[in-house]
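Structure first, then comments.
The values are calculated or read from the model by the stated rules, or taken from the named source; none is laboratory data. Just so it is clear, the structure is predicted and the values come from calculations on it, not from any experiment. Counting neighbours? That spans all protein chains shown, and the Cβs are built from the backbone with ideal geometry, glycine included.
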Amino acid sequence: MNGISDGVTVHEAHKLLKEKKISSVELTQHYLERIKKVEPKVKAFTTVTEELAMERARKADESIADGKAGLLTGVPLAIKDVICTKGVRTTCSSKMLENFIPPYDAMVMEKLNAAGAVMVGKVNMDEFAMGSSTENSAFFPTHNPWDLERVPGGSSGGSAVAVAAGEAVAALGSDTGGSIRQPAGFCSVVGFKPTYGRVSRYGLVAFASSLDQIGPLTQDVTDCALLMNVISGHDKRDSTSVPEPVPDYTKSLKPDLKGMRLGIPKEYYVEGMQSGVSDVMKAARKKLEELGAILEEVSLPHTPYALAVYYIIAPSEASANLARYDGVKYGYSYKGNTMWENMEKTRGNGFGAEVKRRIMLGTYALSAGYYDAWYLKAQKVRTLIRQEFDKVFEKYDALITPTSPTVPFKIGEKKDDPLAMYLSDVCTLPVNIAGVPGISIPAGFVDDLPVGMQIIGKHFSEETLLKVAYAYEQATEWHKKRAEV
Ligand code: GLN
């Protein structure tokens with residue numbers, strides 16, 4: 001239908017809409033039909049908002065007719081089910097919030113709605129964003145469109161799959177330790193975790209507040225820049241959002257890396273990294289050099305501690321944030337005979353195993369007598385990790401690492417082995433710990449399974465990251481490959 005049979009990017013959709021080659025109603029219908037066709041195989045959506053989407057599409061067509069179309073007007077998007085959407089169920093893929101209908105929109109939704117975007121639905125995730133495979137969803141696992149027996153990564157697995165399987169033009173996810181970048185890498189799409197404070201967390205259901213950030217998952221770097229333009233910015237309702245001006249990120253899309261200094265942190269090329277991933281990274285580094293960048297090995301010696309630091313800080317914050325789900329104030333509520341029974345059964349039935357594990361870990365790390373030994377110590381090492389990044393960025397513009405040490409693994413392979421699952425994020429966690437931005441872009445395939453390359457920069461260096469990502473993308477064909485589902 002009008003050249004969109006294989007799906008379109010945001011910038012392509014905008015062109016078609018603006019030139020009136022297609023209407024938003026037609027475009028939205030196309031995606032809703034595509035969702036119906038592939039959902040039985042990939043299971044990316046928790047809620048499809050068909051009626052609402054058609055209503056928004058009609059409104060978008062009116063704006064376009066009035067000559068008021070912005071770049072996102074009329075473009076179908078999928079939203080991770082951890083972002084509050086007014087009047088639309090927001091479950092966090094948890095039984096606890098299965099029937100939660102937010103009375104307000106998250107800041108990013110206010111911005112997307114004002115830009116005229118069309119939400120086609122909410123997408124699956126690991127419960128409360130805790131996981132790396134989307135298998136921790138209380139509802140169902142999501143399947144990787146490149147191999148339906150494999151995981152799409154997580155926790156924003158639904159967002160990555162919606163984009164990779166052509167169910168939405170682009171998506172939003174959230175990233176606490178890798179949840180945008182790792183699934184983007186596993187599904188061969190672009191995923192961006194902005195600097196902490198760049199995007200408002202207002203209306204993002206909290207997991208670990210000092211690490212969480214919302215960001216886009218898109219088919220290419222241009223779309224990523226377009227979405228970043230819309231969702232970034234200060235918000236007085238999120239005291240950690242930063243009042244830095246938002247540049248026009250599309251201005252950094254220039255395919256030239258001459259003289260750019262890129263560091264290759266040796267600690268990220270970890271033991272246990274698959275040889276195929278290492279080969280892809282070798283080829284990617286060569287390509288970056290051909291584009292004019294200067295690559296040098298660097299060392300960030302505290303990197304091996306990042307995993308331990310994360311698994312103390314994130315569960316500690318989670319245990320505090322999730323205390324509100326007590327059967328009285330929010331969500332699922334078990335009505336027993338005593339207050340204790342209510343509390344026990346509410347939290348016992350409402351949360352899945354991984355969430356309970358995190359709450360227990362966090363409560364332990366924060367308890368009197370252990371606080372200094374665990375939580376405080378982890379915070380001190382966090383500072384060292386951040387300082388190490390600051391230092392390396394005095395000399396280098398960005399760092400190049402794999403997004404994950406492996407290609408997508410089989411569904412069920414790591415489900416009962418939390419430690420193996422946690423290792424899936426060794427390359428992405430330090431970025432959240434330091435609060436710096438990181439992007440994952442398609443970098444190649446190993447036996448038809450995607451590999452992502454991560455680019456890390458200093459605080460508020462989004463433009464540099466987009467520039468490196470764009471130059472690499474334009475010099476390669478990986479982003480053009482589409483999963484066949
Ligand atoms: N996989 C990591 C975890 O389980 C990161 C998740 C995330 O970024 N939300 O905590």
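Tabulated results
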| quantity | calculated |
| --- | --- |
| Residue within the range 356-373 that is surrounded by 16 or more Cβ atoms within 10 Å (Cβ to Cβ) and touching a Gly at 6+ places or on another chain (Cβ under 7 Å) present | no |
| Filter result for the condition that a residue is in contact with a Ser or Thr (Cβ under 9 Å, 6 or more places away or on another chain) and within 9 Å of the ligand (Cβ to nearest atom), over 207, 192, 139 | 207 |
| For residue 42: the one exception among (1) surrounded by fewer than 22 Cβ atoms within 10 Å (Cβ to Cβ); (2) within 23 Å of the chain's Cα centre (by Cα) | (1) |
| Top-ranked residue of the range 251-266 - restricted to ones that are assigned to a helix (DSSP H, G or I) and surrounded by fewer than 18 Cβ atoms within 10 Å (Cβ to Cβ), ranked as nearest to the chain's Cα centre (by Cα) | 251 |
| Failed condition for residue 99, given (1) on the phi > 0 side of the Ramachandran plot; (2) surrounded by fewer than 24 Cβ atoms within 10 Å (Cβ to Cβ) | (1) |
| Flag if residue 128 is modelled with pLDDT of 95 or more, outside any loop (DSSP other than H, G, I, E, B), within 16 Å of the ligand (Cβ to nearest atom) and in contact with a Pro (Cβ under 6 Å, 6 or more places away or on another chain) | no |
| Lone qualifier among 402, 437, 408 - being closer than 20 Å to residue 134 by Cα, buried (at least 24 other Cβ atoms within 10 Å of the Cβ) and modelled with pLDDT of 95 or more | 408 |
| Condition check for residue 386: modelled with pLDDT of 95 or more and surrounded by fewer than 19 Cβ atoms within 10 Å (Cβ to Cβ) | yes |
| Boolean, residue 169 is away from the ligand (no atom under 14 Å from the Cβ) and at pLDDT 95 or above | yes |
| Failed item in (1) under 23 Å from residue 331 (Cβ atoms); (2) of a type outside the set (Ser, Thr, Tyr); (3) crowded, with 24+ Cβ neighbours inside 10 Å; (4) within 13 Å of the ligand (Cβ to nearest atom), with residue 160 passing the rest | (1) |
| Check on residue 428, among the β-branched types (Val, Ile, Thr), closer than 21 Å to residue 180 by Cα, surrounded by fewer than 22 Cβ atoms within 10 Å (Cβ to Cβ) and touching a Ser or Thr at 6+ places or on another chain (Cβ under 8 Å) | no |
| Given (1) assigned to a loop (DSSP other than H, G, I, E, B); (2) of a type in the set (S, T, N, Q); (3) within 16 Å of the ligand (Cβ to nearest atom), number of the condition residue 174 does not satisfy | (1) |
| Check on residue 87, of a type in the set (Gly, Ala, Ser), away from the ligand (no atom under 16 Å from the Cβ) and closer than 29 Å to residue 410 by Cβ | no |
| Any hit, the range 444-453, residues being modelled with pLDDT of 95 or more, within 13 Å of residue 191 (Cβ to Cβ), more than 16 Å from the ligand (Cβ to nearest atom) and in a strand (DSSP E or B) | yes |
| Candidates 123, 151, 118, filtered to the one that is closer than 16 Å to residue 485 by Cβ and away from the ligand (no atom under 12 Å from the Cβ) | 123 |
| Options 271, 289; residue that is surrounded by fewer than 16 Cβ atoms within 10 Å (Cβ to Cβ) and either modelled with pLDDT of 95 or more or part of a strand (DSSP E or B) (or both) | 289 |
| Candidate set from the range 410-440 (those that are touching a residue at least 12 places away in the same chain (Cβ under 8 Å), small (Gly, Ala, Ser) and not in a loop (DSSP other than H, G, I, E, B)); member that is farthest from the ligand (Cβ to nearest atom) | 434 |
| Filter pass, residue 398 being closer than 13 Å to residue 184 by Cα and more than 15 Å from the ligand (Cβ to nearest atom) | no |
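Condition check ((1) closer than 18 Å to residue 172 by Cα; (2) without any contact (Cβ under 8 Å) to a residue 12 or more places away in the chain; (3) not in a helix (DSSP H, G or I)) across all residues:
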site: 31; (1), (2), (3): yes, no, no
site: 35; (1), (2), (3): yes, no, no
site: 39; (1), (2), (3): no, no, no
site: 46; (1), (2), (3): yes, no, yes
site: 54; (1), (2), (3): no, no, no
site: 57; (1), (2), (3): no, no, no
site: 60; (1), (2), (3): no, no, no
